[in-house]
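This report concerns only the one structure given below.
The values are calculated or read from the model by the stated rules, or taken from the named source; none is laboratory data. Small disclaimer: the values here were computed from a predicted structure and weren't measured. Positions of Cβ are backbone-derived with ideal geometry, glycine not excepted, and every protein chain shown enters the neighbour counts.
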Amino acid sequence: MNDKPQQETFDLETIRHSTAHLMAQAVKQLFPETKVTIGPVIEDGFYYDFFRDTPFVPEDLEKIEARMKEIAAQNLDIVRQEIPRPDAVKMFSDMGENFKAEIIEGIDSAAPISLYSQGDFTDLCRGPHVDNTRALKSFKLLSTSAAYWRGDERNPVLQRIYGTAWHSDKELRSYLRRLEEAKKRDHRKLGKELDLFTINDEVGPGLTLWHPKGSRVRYLIEEFWRKEHYKNGYELVFTPHAARVDLWKTSGHMEFYRENIFSPMDIEGQEYVMKPMNCPFHIQIYKSRLRSYRDLPIRFAELGTVYRYERSGVLHGLLRVRGFTQDDAHLFCRPVQLEDEISKVLHFVLFILRAFGFHEYKVYLSTRPDKFVGSEDDWEKATRALENALVRTQIAFEVDPGEGVFYGPKIDIKIKDSLNRFWQVSTIQVDFNLPQRFGITYVEENGNREQPIMIHRALMGSLERFFGCLVEHYAGAFPVWLAPVQAILLPITDAHHPFAEAVAEKLAANDLRVEKDLRNEKIGFKIREAQLQKIPYMVILGDKEVESQTVSIRKHRSKETRSLGLDEFIEQLRTETRDKTIDVIDQPE
């Protein structure tokens, strides 16, 4: 009979939280002068912020991880205790942990403070934690960065260490492989290698320069977007890049969003700001004439470029920028139309996302927060309309209590990419606030003036962020319909150049995107170059092809070459382009 007790299985969040404490304990043992601050769980891992004069270096991480393994092997019990608040402040102050003392003093509660101890280390924490350090076996420290205490640049600079933890070494190895693959797919790296875009300090951080190939992909996305919006009953509009400050005071953005708005500009004695949002402009278009119930619903859509001040520390390639283009739309409808309009938007969202190759999602219904505008009755009706639309569309969703915006409830959709990561893209928000602030109305059937309900809606979010997601999802190997160059012609010798020119002319005449590599290089070199540029089709042209008036084609990352008639190849490309065929070529191993 085996009397050895079974080890309890803990959820990943608990394991990661406990591993963050294990890391802090190791840091304090190795670098006693260090002060600890906070160590939360994040997606796929955790981090802990420390205050010390000297930044951590990679060699330090190796030492810390080794010490963590030593501590875990000691099988230390992890014990929870509660002590009165004044005692907790005194205890951490006596330890020299002034950041912890500040956290405790800022907690708005008279309840006792919970602490967790393991060996010589005690930390402030709500928990829960594993019961013994032996449960912490599969972890890895990943990187370091700087951070401000409480996220405020006026506060001390902290040193942040990121790590990950899993149930087993197998899961850990799998995750580390995904991380390596993610590094290869980083849109900033591929953006440079594939000549898609740049962001440089001479222009300004967070401001994107789109190169010809990146612009071609963006053009294809935008044209598809525009055509589908017209098909779905939207009217496209264009609005200015700046407006008088008074507009943003009326909308409430100067009150609720001031820290993200660039400083006003003085123009002939009037203050103007670069627009952070498109919605007040669409409302002005709505207000330009009297609206009847017969006009509703009205759907205005715009690829509107907005400008938001983001601190330089949070800027990240195309994923976090200061100037970006939203695929924005605002719908104005009667209350009886609300649920149908939301259902139509949901169908539209899924159609657009599927066209780009995304078929798995996480969907969240965010409900009323503590601070909100409008009546509880309006909130209830809007939330019910969002929920009913999700049910009608047969979309599985989770309720995210209290996470709605102050002006109304919302639906958020995250897409799953080829590395099993989720990206926030689509959102549908119901708004009572702006119609009231701007006093917009319509004439109801009975002749009364009524206030319409406004829906804010984005299908892809921002083009910059969505483009970055696409680059990483496809590892830069865009499907044929999106590829900036669909086929590259590779003549074997100079004698084959005239045929290459003729083939290029015929492909271009069929609206296909083609390049020619006429360099005096060996065909193997040209193929390797085309592979690195991730062009979907390489067209090899030699004596045989000239004689038979055919083409030999080879797909990206394939070693197989097959011969086709030129018209047959053109029809194949046209079909893949028209049908938006998704062939995810560069799948992670």
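Give me a count of the residues in segment 412-426 that are more than 10 Å from the chain's Cα centre (by Cα) and loosely packed, with under 15 Cβ neighbours inside 10 Å.
Selection size over segment 412-426: 1.
Restricting the search to segment 290-304, which residues are in contact with a helix residue (DSSP H, G or I) (Cβ under 8 Å, 6 or more places away or on another chain) and either outside any strand (DSSP E or B) or surrounded by fewer than 16 Cβ atoms within 10 Å (Cβ to Cβ) (or both)?
If the condition is that a residue be in contact with a helix residue (DSSP H, G or I) (Cβ under 8 Å, 6 or more places away or on another chain) and either outside any strand (DSSP E or B) or surrounded by fewer than 16 Cβ atoms within 10 Å (Cβ to Cβ) (or both), then 296, 297 are the ones that fit.
How many residues are over 18 Å from the mean Cα position of the chain (by Cα), under 25 Å from residue 311 (Cβ atoms) and part of a helix (DSSP H, G or I) if we restrict to segment 172-209?
Residues meeting the conditions: 1.
Looking at 183, 213, 189, 227, which one is at pLDDT 95 or above and not assigned by TED's automatic domain parsing to the domain that holds residue 323? Reasoning before the result, please.
Numbers: 183 fails: at pLDDT 95 or above; 213 fails: not assigned by TED's automatic domain parsing to the domain that holds residue 323; 227 fails: not assigned by TED's automatic domain parsing to the domain that holds residue 323.
Only one candidate passes the filter, namely 189.
Suppose we filter segment 308-324 for residues that are surrounded by fewer than 20 Cβ atoms within 10 Å (Cβ to Cβ), farther than 17 Å from residue 471 by Cα and in contact (Cβ under 8 Å) with a residue 12 or more places away in the chain; how many remain?
8
Based on this model, can you work out whether residue 202 counts as free of Cβ contacts under 8 Å to residues at least 12 places away in the same chain, surrounded by fewer than 16 Cβ atoms within 10 Å (Cβ to Cβ), within 21 Å of residue 321 (Cβ to Cβ) and among the charged types (D, E, K, R)? Explain how you work it out, then say what you get.
On the way: free of Cβ contacts under 8 Å to residues at least 12 places away in the same chain: yes; surrounded by fewer than 16 Cβ atoms within 10 Å (Cβ to Cβ): yes; within 21 Å of residue 321 (Cβ to Cβ): yes; among the charged types (D, E, K, R): yes.
The answer is yes for residue 202.
Only residues that are surrounded by fewer than 16 Cβ atoms within 10 Å (Cβ to Cβ) and small (Gly, Ala, Ser): list them for segment 516-531, please.
Of everything in segment 516-531, just one residue is surrounded by fewer than 16 Cβ atoms within 10 Å (Cβ to Cβ) and small (Gly, Ala, Ser), namely 524.
Does any residue of segment 260-282 turn out to be under 19 Å from residue 432 (Cβ atoms), β-branched (Val, Ile, Thr) and not assigned by TED's automatic domain parsing to the domain that holds residue 301?
no
Would you confirm, using the coordinates I've provided, whether residue 479 is buried (at least 18 other Cβ atoms within 10 Å of the Cβ) and not assigned by TED's automatic domain parsing to the domain that holds residue 348?
On the way: buried (at least 18 other Cβ atoms within 10 Å of the Cβ): yes; not assigned by TED's automatic domain parsing to the domain that holds residue 348: yes.
Yes.
Right, residue 169: in contact (Cβ under 8 Å) with a residue 24 or more places away in the chain, at negative phi and surrounded by fewer than 17 Cβ atoms within 10 Å (Cβ to Cβ) or not?
Working: in contact (Cβ under 8 Å) with a residue 24 or more places away in the chain: yes; at negative phi: yes; surrounded by fewer than 17 Cβ atoms within 10 Å (Cβ to Cβ): yes.
Yes.
Confirm whether residue 374 is modelled with pLDDT under 95, among the small types (Gly, Ala, Ser) and farther than 26 Å from residue 444 by Cβ.
Working: modelled with pLDDT under 95: yes; among the small types (Gly, Ala, Ser): yes; farther than 26 Å from residue 444 by Cβ: no.
Here the answer is no, as residue 374 does not meet what is asked.
Looking only at segment 51-75, filter to residues that are among the β-branched types (Val, Ile, Thr) and loosely packed, with under 11 Cβ neighbours inside 10 Å; which one of those is farthest from residue 155 (Cα to Cα)?
Looking only at segment 51-75, we keep the residues that are among the β-branched types (Val, Ile, Thr), and these are 54, 57, 64, 71.
When the remaining residues are screened for being loosely packed, with under 11 Cβ neighbours inside 10 Å, the result is 54, 57.
On the way: 54: 17, 57: 22 Å.
Restricting to residues being among the β-branched types (Val, Ile, Thr) and loosely packed, with under 11 Cβ neighbours inside 10 Å, the top hit is 57.
Residues to consider are 358, 348, 438; find the one that is under 25 Å from residue 229 (Cβ atoms) and touching a Leu at 6+ places or on another chain (Cβ under 7 Å).
One residue alone meets the criteria, 348.
Would you point out which residue out of 59, 102, 33 is over 37 Å from the mean Cα position of the chain (by Cα), within 21 Å of residue 146 (Cβ to Cβ) and free of Cβ contacts under 8 Å to residues at least 24 places away in the same chain?
Details: 59 fails: over 37 Å from the mean Cα position of the chain (by Cα); 102 fails: over 37 Å from the mean Cα position of the chain (by Cα).
Checking each option against the conditions leaves just 33.
What about residue 523, is it closer than 25 Å to residue 213 by Cα, under 36 Å from the mean Cα position of the chain (by Cα) and either assigned by TED's automatic domain parsing to the domain that holds residue 357 or not basic (Lys, Arg) (or both)? If you could, list the steps in order and put the result at the bottom.
Values: closer than 25 Å to residue 213 by Cα: yes; under 36 Å from the mean Cα position of the chain (by Cα): no; either assigned by TED's automatic domain parsing to the domain that holds residue 357 or not basic (Lys, Arg) (or both): yes.
For residue 523, the condition - closer than 25 Å to residue 213 by Cα, under 36 Å from the mean Cα position of the chain (by Cα) and either assigned by TED's automatic domain parsing to the domain that holds residue 357 or not basic (Lys, Arg) (or both) - is not met.
Could you please find all residues in segment 336-376 being within 27 Å of residue 472 (Cα to Cα) and part of a loop (DSSP other than H, G, I, E, B)?
Passing the criteria: 356, 357, 358, 359, 360.
How many residues, within segment 266-289, are assigned to a loop (DSSP other than H, G, I, E, B) and in contact with a strand residue (DSSP E or B) (Cβ under 7 Å, 6 or more places away or on another chain)?
Filtering segment 266-289 for residues assigned to a loop (DSSP other than H, G, I, E, B) gives 268-269, 275-278, 287-289.
Within this subset, residues satisfying the condition of being in contact with a strand residue (DSSP E or B) (Cβ under 7 Å, 6 or more places away or on another chain) are 275-278.
Within segment 266-289, residues that are assigned to a loop (DSSP other than H, G, I, E, B) and in contact with a strand residue (DSSP E or B) (Cβ under 7 Å, 6 or more places away or on another chain) number 4.
Which pairs have Cβ atoms under 9 Å, sit 6 or more apart or on different chains, and link a residue in segment 174-186 that is more than 17 Å from residue 477 (Cβ to Cβ) to one that is surrounded by 14 or more Cβ atoms within 10 Å (Cβ to Cβ) and β-branched (Val, Ile, Thr)?
175/164; 176/164; 179/164
In segment 210-258, which residue that is part of a loop (DSSP other than H, G, I, E, B) and among the polar types (S, T, N, Q) is nearest to residue 269 (Cα to Cα)? Break it down into steps so the answer makes sense when it comes.
Step one: list which residues in segment 210-258 are part of a loop (DSSP other than H, G, I, E, B), which gives 211, 232-234, 237-241, 252, 257.
Those still in the list that are among the polar types (S, T, N, Q) too: 232, 239.
Working: 232: 43, 239: 22 Å.
Top of the filtered list is 239.
Could you tell me which residue of segment 473-497 is farthest from residue 549 (Cα to Cα), considering only residues that are in contact with a strand residue (DSSP E or B) (Cβ under 9 Å, 6 or more places away or on another chain) and part of a helix (DSSP H, G or I)?
Top of the filtered list is 473.
Going through 382, 458 one at a time, which residue ends up being modelled with pLDDT under 95, in the same structural domain as residue 351 (by TED's automatic domain parsing), within 20 Å of residue 283 (Cβ to Cβ) and crowded, with 18+ Cβ neighbours inside 10 Å?
382
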